[in-house]
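Participant: Right, I'll just put the structure down here and ask away after.
FYI, it's all coordinate maths here, none of it is from the lab. What you see is a predicted model; the values in this text were computed from it and never measured. Reconstructed Cβ throughout: ideal geometry from the backbone, glycine too, with neighbour counts over all protein chains shown.
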């Protein structure tokens, strides 16, 4: 009876874990406050401002969602969103697949491998403005290196970034060149964590290189792939710096993407509410992308070299 009484008098689990939880939250509270203050508060405040109308000088007037209804019929904004979506569809798959391919090539034990890895990572830490200016001169139709080489080979000079039909599509590989280093880095870290015994077991079962990649390596790096897709999607939706550094949104607004359209209205106070709601929509899209579902650990563990022998050379 005494043992039963002591058992019933034992405090619940949440109360026993309370001191540890308080200690943990005390360490996390400063960083959490910074994230909330610099991240969520501006988003909420932008949404509040987007529900008001003002000319920048007079008093504000609450208009509810009228600004958003106007936004849905704003041809300038719709064109900018269309360009951003085209850029995203072109940029994200190219960058993620190229990052995985380069990581597979760089995951080798050869001489100067550290130097090769550094060469692919340097553009990621370089200034976007400097990168845009460099490619602006490289692709210049008058004295650019590429056009001079084309003319030397006997072909007609190309307009490149001065061509409205091609400017946006040329910015995608330029941005890929600057951003692929991050994908290479995270894929390299994931590839080095793949158990070698699984790959060896798959080869013993008769699996070729493609089968090992498909059934062993690809499932192991699937969480990193989800991370890379979400990360690069957010980057593509926030793409602005290189478009501004190269052609200032031109030619003929061909590279005026979502954020470029937002900043172009800064000198027009009458449309400040329109651009605030624009920013609020942007924050909502990025938040939804960031909290998208990820594959669980059980799903990753269920994939292994057992099925790798099904694909032969």
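Participant: When N is the residue count of region 20-104, what does its C-alpha Rg come to as a fraction of 2.2 N^0.38 Å?
Facilitator: 1.76
Participant: Along Cα→Cβ, 7 Å out, is where each label goes; now give me the distance between the ones at residue 48 and residue 165 in nm to one decimal.
Facilitator: About 5.0 nm, to one decimal.
Participant: Test of understanding: ordering 109, 52, 86, 247 by Cβ neighbours within 10 Å, fewest first, what list do you get?
Facilitator: 109, 86, 52, 247
Participant: Among 248, 203, what is the fewest-to-most ranking by other Cβ atoms within 10 Å?
Facilitator: Lowest count first: 248, 203.
Participant: Note the full-extension length gain between residue 248 and residue 118 as 0.36 nm times their separation in residues minus their Cα-Cα distance, in nm to one decimal.
Facilitator: Full extension of this stretch gives 43.7 nm more.
Participant: Just to be sure I understand the curve: with the Debye formula and one point per C-alpha of region 74-164, what is log10 I(q)/I(0) at q = 0.10 Å⁻¹?
Facilitator: Debye intensities relative to I(0), on a log10 scale: -0.46.
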